[in-house]
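FYI, it's all coordinate maths here, none of it is from the lab. Note that the structure is predicted; figures quoted are calculated from it, not measured.
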Amino acid sequence: MAGFEEKLSEILSSPESMEQIFALAKSLEGGGKSGGEPQQKNSAVSAPPSIAQMPPIDPKMMEMLSRLMREYGHDDKTVAALVAIKPFLKKEKQIKIDRAMEMAKLARIAKLALGGGENL
């Protein structure tokens, strides 16, 4: 875990990395430059934008993210049964059950995100 924290700290302290992150965020929201125009790099270190400069947050998107996170944390009866029998299985089977449960959660969230699982 220390390696992750070091890498995250390194990324957040690097002005070039932060500039790339902001450019990616702008392109995801549709505000990025189109085409293959190279970005101008300032020699001065630019500070992250203030809250007033950030784009408005879409309440519908936040609601959808909230629903997805809530659904990801929710375990159904099948998952509870698999968790209950897991200690009695070999390590190889335990690993397979963990992967299957993770895939089932991701499939459930994908279905919800795509609008097919309104009543989950």
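Kirkwood Rh, Cα Rg: Rg to Rh for the range 56-120?
1.11
Please work out how many pairs of lysine residues in the range 56-120 are eight or more positions apart (or on different chains) and have Cα atoms closer than 16 angstrom. Write down the numbers at each step before the final one.
Working: LYS77/LYS86; LYS77/LYS105; LYS86/LYS96; LYS96/LYS105.
Lysine pairs meeting the criterion: 4.
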